[in-house]
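Read the structure below first, then the notes.
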Amino acid sequence: MTVSPCVNGVSANGDRVLIIGATGFMGQFVAQASLDSGKPTYVLLRSFPSCLLKAKATKAFEDQGAIILFGAMENEELMEKILKDHEIDIVISASVPAY
Ligand SMILES: NC(=O)c1ccc[n+]([C@@H]2O[C@H](COP(=O)([O-])OP(=O)(O)OC[C@H]3O[C@@H](n4cnc5c(N)ncnc54)[C@H](OP(=O)(O)O)[C@@H]3O)[C@@H](O)[C@H]2O)c1
């Protein structure tokens, strides 16, 4: 799991957080913690989950105010656009890198 960037280890509550892998085992805890902390929380999904449990988790995040975005983290152009358009301050990846 990677976290970036963290300015001086401190972030204000208004920081916008983008979470990659939020439907995963670890990512669900991370996304919930971000929402619980009151930070504007964005979730990047490759597609809407077909798995019922992941779909329920996604809906629950959305109901708590998370913004759901679609795309692959490997798409550099898209990632740059997301970071810029949504003024994302913090990116947390709880995804499993493909080897
Ligand atoms: N599980 C543990 O006990 C544990 C403990 C310590 C550390 N970790 C680390 O935590 C990280 C996550 O592990 P996990 O067990 O939570 O994995 P996981 O349950 O398999 O979840 C992986 C998540 O990453 C997403 N993902 C995978 N490839 C992606 C891509 N190319 N673009 C965007 N999203 C992608 C998956 O989305 P889809 O639903 O689309 O597949 C899923 O939401 C790993 O780095 C692991 O080493 C895990």
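Rule-based calculations on the coordinates, nothing more; no lab input. Everything numeric here is computed off the predicted structure, so don't read it as measured data. Here the Cβ positions follow ideal geometry from the backbone for every residue, glycine too, while neighbour counts run over all protein chains shown.
Residue-wise test of (1) free of Cβ contacts under 8 Å to residues at least 24 places away in the same chain; (2) within 12 Å of the ligand (Cβ to nearest atom).
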| residue | (1), (2) |
| --- | --- |
| LEU44 | no, yes |
| SER50 | yes, yes |
| ALA55 | yes, yes |
| THR58 | no, yes |
| ASP63 | yes, no |
| ALA66 | no, no |
| LEU78 | yes, yes |
| VAL91 | no, yes |
| ALA94 | no, yes |
Any idea which residue in the stretch 11-31 is nearest to the ligand (Cβ to nearest atom), counting only those that are more than 25 Å from ASN75 (Cβ to Cβ) and free of Cβ contacts under 8 Å to residues at least 24 places away in the same chain? PHE29
